[in-house]
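Beneath this line is the structure, given in structure tokens, with notes to follow.
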Amino acid sequence: ESRTGRTFYIPIPPPNVTGNLHIGHALTLSLQDIMVRYHRMKGDSTVWIPGTDHAGIATQAKVEEKLLKTGKKRVEMSREDFLDECWKWMAEYRGNIAGQTEKMGASVDWSRERFTFDARSNELVEKIFVDLYQKGILYRGEYMVNYSPALDSVISDIEVEHQEVEEKMYYINYFVSGSDLELLIATTRPETMLGDMALAVHPHDKRYKRIIGKNVLIPIINREIPVIADKMVDIGFGTGVVKITPAHDPADFETAKRHGIPVNYRVIDKRGYMMPEATLFVGQHAATEARANIVELLKSKGNLVKVEPYTHKVGYCSRGKCRIESVVSTQWFIRASEMAKKVITGYKKKEFEIIPSRFEKTFEDWIYNLRDWCISRQLWWGHQIPAYYHRETGELLGVTRDPSAIYAQHGEANVRRDGDVLDTWFSAATWPFSILDYTIEDPGEFFRKFYPANVLETGHDILFFWVIRMLMF
């Protein structure tokens, strides 16, 4: 009980159940323990709750790695059997983490220990998903996403690291239909040419004014595509002519949407291999075999003008360490910029502050420029999405925690639940209030007494991953 009439609450950043604690965790526990003991001695009513994070992608990768040593592969197991293995892993490492925390002498309230994937957290996460869907903040749609071949899952923009690579710039001539004119384009990925839907020039580029609106022929396959004008084109880069391949490039996807160009001709699959639409090159690895063969064919047909060395940055999966593929996929998204409005208002009113202040610039760069957040992951370990589809047609029948009405209408055998799980950061975003036993129906006495937290002590590297998302939720 408080002798001062004040409360003190600090949420512990929950360690991932992927291993044992390290010196960073020790630092976190030390700093927080100092704050907690200080406020207790002052007579403030104080709460410090221990817990762990189920760490979706990271834990699944660790369990798969462990199983491989015994000759087992996830793809050869049932979902239930694999999840059993995940729960065994979780029990072992949760026990280790709790033991290490105890040995350090951290004065946490063990009676309230929590886990981001315990029954209460899972129920709350599902209810929040349904609530956000009903409010129109959460939706399912087709969008350009980052796909990690190593993880075999979609990942968010923030999970992509950009690394400098040395490649080549290929200069290719496209012939204008019904004339002897040519348009020279520059690309580092000639293999995507087979999926081109347009060429784009800047509307103010005098060199190409008379070409806008005409059609050109894609080399090798001779399919006609239009020449469009768009301000996304950098007049000074390359030749000032950009190929638009909406199925394989985020900027091209947005350009195609602006111009009503369909996202057809997907020629590279999510693992980086050429698809049937790639005709002659189907089954070939896009960046190696297919690229080499396409370049040779362009050379023989006289369309390849020159090749130059080129250094630029490309996206790599921060966890899988592989080059990501940009693919158009139907996924679940959150309108992050919509949720951020109240955060921005609170920030301007100084309802919270970031210490040290030098990280305010980083915070502002993110909070003012949020894109829709892709929250679905093609994993088995994690909070399964509470959405239901018709098994035959694929039609979305409903988003609910109780599918009984859907089963009654369509027959349980004809309905399937979404197989994807939620991004770990979705449940992590609920941490400060979920561990206070908050429910949507009744926030509860404990929540009303202690929320919001007085301070959060964490690493600046998860300012976006975790802090901004907690503020949004």
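The values are calculated or read from the model by the stated rules, or taken from the named source; none is laboratory data. Since the structure is predicted, the reported quantities are computational estimates derived from the model, not experimental observations. We place every Cβ from the backbone using ideal geometry, glycine too, and count neighbours over all the protein chains shown. Remember, those area values only see protein heavy atoms, side chains included, never the ligands or the DNA or RNA. Shrake-Rupley method; radii C 1.70, N 1.55, O 1.52, S 1.80 Å.
Assign one of three labels to the range 423-464, namely rounded, prolate or oblate, based on the Cα gyration tensor with a ≥ b ≥ c the square roots of its eigenvalues; rounded applies when a/c is under 1.5, prolate when it is not and a/b is larger than b/c, and oblate otherwise. Because a/c hits 1.5 or more and a/b fails to exceed b/c, the range 423-464 counts as oblate. Taking label points 7 Å from Cα along the Cα-to-Cβ direction, I344 and V314 give a separation of 3.5 nm. Taking Cα centre as origin and charging only the Cβ of basic (Lys, Arg, +1) and acidic (Asp, Glu, -1) residues, the dipole magnitude of the range 364-473 rounds to 140 debye.
Note on K348: aspartates and glutamates with a C-alpha under 19 Å away, same-chain residues under 8 apart excluded, are E338, E360, E364, D365. When peptides 370-376, 307-313 are ranked by their average number of other Cβ atoms within 10 Å per residue, the highest-first order is 370-376, 307-313.
Residues Y316, Y9 ordered from highest to lowest accessible area at a 1.4 Å probe: Y316, Y9. Computed about its Cα centre, the charge dipole of the range 215-289 is approximately 140 debye, with only Lys, Arg, Asp and Glu carrying charge at their Cβ.
Taking the charge dipole of the chain about its Cα centre, with +1 at Lys and Arg Cβ atoms and -1 at Asp and Glu Cβ atoms, the residue from T116, Q60, I158 reaching farthest to the positive side is I158.
Here the accessible area of the range 125-176 is 42 percent carbon and sulfur, with a 1.4 angstrom probe and all protein chains present. The share of accessible area on the range 234-339 that comes from carbon and sulfur is 51 percent, using a 1.4 angstrom probe. In this structure, N215 and E1 have a Cβ-Cβ separation that, at R0 = 56 Å, corresponds to a calculated FRET efficiency of about 0.10.
A 1.4 Å probe run over the range 61-155, with the rest of the protein chains in place, finds 51 Å² accessible per residue. Accessible area per residue for the range 337-473 is 51 Å², calculated with a 1.4 Å probe on protein heavy atoms, without ligands, DNA or RNA.
The residue among M169, L181, M197 whose Cα reaches farthest toward the positive pole of the charge dipole of the range 146-227, with charges on the beta-carbon of Lys, Arg, Asp and Glu, is L181. Between H22 and D180, the simple label model (points 7 Å from Cα in the Cβ direction) yields a spacing of 6.6 nm. Matching the structure-derived volume of the Cα convex hull per residue in Å³ against the labelled list [x] 318; [y] 218; [z] 187 gives the label [z]. Per residue, the range 165-238 exposes an accessible area of 46 Å² to a 1.4 Å probe, with every protein chain left in place.
Pairs with C-alpha atoms separated by more than 19 Å, drawn from the list K243/K306; K214/K299; K209/K243; K168/K299; K168/K243; K341/K361, are K214/K299. Accessible area per residue was computed with a 1.4 Å probe on protein heavy atoms; C322 scores about 30 Å². Taking the accessible area of the range 342-465, probe 1.4 Å, and keeping the other protein chains in place, the carbon and sulfur fraction comes to 49%. The dipole here belongs to the chain: it is taken about the Cα centre, uses +1 on the Cβ of Lys and Arg and -1 on the Cβ of Asp and Glu, and is about 840 debye. By a 1.4 Å probe calculation restricted to protein chains, M275 has an accessible surface near 40 Å², given to the nearest 10.
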